[in-house]
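For reference, the structure is listed below as structure tokens.
We did not get these values from a lab; they are worked out from the coordinates using the rules stated. Being a predicted model, the structure only gives us computed values, none of them experimental. Here Cβ is always computed from backbone atoms with ideal geometry, including for glycine, and neighbour counts include all displayed protein chains.
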Amino acid sequence: AQSVTQPDIHITVSEGASLELRCNYSYGATPYLFWYVQSPGQGLQLLLKYFSGDTLVQGIKGFEAEFKRSQSSFNLRKPSVHWSDAAEYFCAVGWPTSGTYKYIFGTGTRLKVLA
Amino acid sequence: NAGVTQTPKFRVLKTGQSMTLLCAQDMNHEYMYWYRQDPGMGLRLIHYSVGEGTTAKGEVPDGYNVSRLKKQNFLLGLESAAPSQTSVYFCASSYSDRARTDTQYFGPGTRLTVL
């Protein structure tokens, strides 16, 4: 069965430090992979996605993610975190079914940024 | 262009009461989705719709009904609310063509408490 694991529930980094959020998935083929960000009281916003091709994906707000098939991972990175990046981040796996897409979301990683 | 909007933003119900959550999108999207978000569990799909007049069950459909009478609206109903339905509910929508169905646009959420 498909699954998504975000092993870190909370992460705290200092402003200006680098960031890596981990995501591991279980799926029979290469899935569609997504990272979303949720600011307090807001809905989810897509940061980036991977379908195929270049395994390093660039997203909005300076984020990038790397797909590693051998590790079944899709980790999110940012070289220098800003205070405004404090939010909850969700990794998701998607696959086409019955004319639409099904998603499984990870449980989220809450990022705290220290000034 | 408001994107995806949800009404109401907050609601408190007593056990056994009924209510309807409204989702509206102005992007002419074919596909619409209802999720619930619970602490430590990520987002789980309740029901979805691939077009006006169609609905389908997601991962956790029990206790909910939906209707898609108009393309721009997707209603989620609770006929007899239970405390287990206390959650934050998110609506999302997406395009129907294969190149764009992957990206879901989320509403700001409805926080529902059932006493």
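Taking every DSSP beta bridge that has both residues in the protein assembly as shown, what percent is antiparallel when rounded to the nearest 5?
Taking every DSSP beta bridge within the protein assembly as shown, about 90 percent pair in antiparallel fashion.
Just grab the label-to-label distance for A:A1 and A:S14, each label 7 Å out from Cα along the Cβ direction, in nm (one decimal).
Label-label distance for A:A1 and A:S14, simple model: 4.3 nm.
Two decimals is fine: what's Rg over Rh for the range A:4-45, C-alpha atoms, Kirkwood radius as Rh? Show your work: numbers first, answer last.
Numbers: Rg = 13.2 Å, Rh = 12.9 Å.
We get a ratio of 1.02 for the range A:4-45.
Give me the dipole magnitude in Debye, nearest 20, for the range A:67-115 about the Cα centre, with unit charges on the beta carbon: positive for Lys and Arg, negative for Asp and Glu.
Details: 7 positive and 2 negative charges, 35 e Å.
Rounded to the nearest 20 debye, it is 160 debye.
State, as an integer percentage, the relative contact order of the range B:1-46 based on alpha-carbon contacts under 8 Å between residues 6 or more apart.
It comes to 34 percent, rounded to a whole number.
Write out the GluC sites (Glu not before Pro) in the range B:16-112 meeting two conditions: DSSP loop, and at most 10 other Cβ atoms within 10 Å of their Cβ.
Values: sites: B:E30, B:E52, B:E59, B:E79; in loops: B:E30, B:E52, B:E59, B:E79.
Sparse-neighbourhood loop GluC sites (Glu not before Pro): none present.
On the principal axes of its Cα set, how long, how wide and how thick is chain A? Give whole Å, largest value first.
Between the extreme Cα coordinates on each principal axis of chain A lie 46, 29, 23 Å.
Under the Karplus relation 6.51 cos²θ - 1.76 cosθ + 1.60, θ = phi - 60°, what is the ordered set of whole-Hz ³J(HN,Hα) values for the range A:103-115, x standing for Gly and Pro?
10, 10, 9, x, 7, x, 10, 8, 9, 10, 10, 8, 6
Between A:A115 and B:T15, what is the label-point separation in nm under the 7 Å Cα-to-beta-carbon projection?
Result for the modelled spin labels: 4.6 nm.
In vacuum, with every alpha carbon of chain B counted as one equal point scatterer, what does the Debye formula give for log10 I(q)/I(0) at q = 0.17 Å⁻¹? Two decimals, please.
Result of the Debye calculation: -0.75.
Just to be sure I follow: if Rg is taken over the C-alpha atoms of the protein assembly as shown and Rh is the Kirkwood radius over the same atoms, what is Rg/Rh?
Result: Rg/Rh = 0.97.
Any cysteines in the protein assembly as shown with zero other Cys Cβ atoms under 4.7 Å from their Cβ? List them, or say none.
Result for the protein assembly as shown is empty; each Cys has a Cβ neighbour under 4.7 Å.
In a solvent-free Debye calculation with one equal scatterer on each Cα, what is log10 I(q)/I(0) for the range A:32-91 at q = 0.12, 0.14, 0.24, 0.28 Å⁻¹, listed in the order of the q values?
After summing over all Cα pairs, the log10 values are -0.28, -0.38, -1.00, -1.25.
Give me the percent relative contact order of chain B, please, defined on Cα pairs under 8 angstrom at least 6 residues apart.
Here the relative contact order equals 35 percent.
What average number of partner chain Cβ atoms lie no more than 10 Å from the Cβ of the residues making up B:51-59?
1
Please count, across the protein assembly as shown, the pairs of lysine residues with Cα atoms under 29 Å apart that sit 8 or more places apart or on different chains.
Total qualifying Lys-Lys pairs in the protein assembly as shown comes to 28.
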